[in-house]
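Here is the structure we will look at.
The values are calculated or read from the model by the stated rules, or taken from the named source; none is laboratory data. What you are looking at is a predicted structure, and each value in this text was computed from that prediction instead of being measured. All Cβ positions, glycine included, derive from the backbone under ideal geometry; neighbour counts span all protein chains shown.
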Amino acid sequence: MKRIWMPLLILVVLLSACASKTAVRRTIQEDPSLVMDVLRENRLLLLDIVQQALADQDRLAREEQWRSELKNPFKPVIEGNRPVLGNVIAPITVVEYSDFFCPYCDRGSRTVNELLGRHPDEIKIVFKHFPLHEGADYLAALFEAVAMQNEAAAWKYKDEVFAAQKAVQEEGPDGKTLAAILNGLGIDVAKAKADAQSAAVKARIEADMEEAREFGFRGTPMYVVGGVAVRGAAPLSEFEQVLTLVRKASDGASDCKDCGTK
């Protein structure tokens, strides 16, 4: 219904900036074809306004969902031996659910890295796995296996695999691109490949996928910022917006830590 009224509002403006509502109404009643004539003549303007209205509607819906999630936040399980990027005592955790063969995950990962660069003392990143593409589960296992030897090397591995995503996918797990990435990490590559096949690593990836599904996530990338979900490869501004909401909620909780006590 709102979409129907939008063109009529535009029509009122376009017919006459000075005309009264009664005059405009009378004009339309006498010649209803004016409505379509005006809309046809100004269809690009109409399209721009409708698109902006839909974008605003989507934005308001996202903000409402974020506020709802603040009241009932997502609570990812983060094991003590999980690799953490950034300050381990940072108050806000960003959990990234990703697939090494998802192009949007590459873009989203770079955005989250930029977010960390802007707020190094406020956030930390935990990388979880939601491998939906064929073969991506092995790359996820290698990340965990590399981290068992050297966490810094695991984060380097993540960035380099994303950067060479197309070549790694085309060449497969035995390709020269993945081999070069692994050999450049300064780790025991044979051990990493063996650890990637271990029951413990496979169980971790399966647990990540199950957790993502329990949260209602169906695609990648997905992020949980302080308990609030950011869906898809969102722009940095959206992450900043969520971070601000989480920060305010946390500050409010701190201010009221003694509320209700005697």
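Numbers for the structure displayed
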{"quantity": "Qualifying residue in the stretch 223-230 (condition: without any contact (Cβ under 8 Å) to a residue 12 or more places away in the chain and either surrounded by 21 or more Cβ atoms within 10 Å (Cβ to Cβ) or at positive phi (or both))", "calculated": "no"}
{"quantity": "Residue that is buried (at least 23 other Cβ atoms within 10 Å of the Cβ), under 19 Å from Tyr223 (Cβ atoms) and among the β-branched types (Val, Ile, Thr), where the choices are Val77, Val94", "calculated": "Val94"}
{"quantity": "Residue tally, condition touching a His at 6+ places or on another chain (Cβ under 9 Å), touching a residue at least 60 places away in the same chain (Cβ under 8 Å), hydrophobic (A, V, I, L, M, F, W, C) and in a loop (DSSP other than H, G, I, E, B), over the stretch 70-112", "calculated": "3"}
{"quantity": "Count of residues meeting criterion [part of a helix (DSSP H, G or I) and within 22 Å of the chain's Cα centre (by Cα)] in the stretch 145-195", "calculated": "12"}
{"quantity": "Condition check for Leu245: under 20 Å from the mean Cα position of the chain (by Cα) and at pLDDT below 95", "calculated": "yes"}
{"quantity": "Which numbered condition Ile187 fails, given (1) surrounded by fewer than 18 Cβ atoms within 10 Å (Cβ to Cβ); (2) out of contact with any strand residue (DSSP E or B) (no Cβ under 8 Å at 6 or more places or on another chain); (3) more than 16 Å from Ser109 (Cβ to Cβ)", "calculated": "(1)"}
{"quantity": "Any chance Gly186 is in the same structural domain as Val95 (by TED's automatic domain parsing), small (Gly, Ala, Ser) and without any contact (Cβ under 8 Å) to a residue 24 or more places away in the chain", "calculated": "no"}
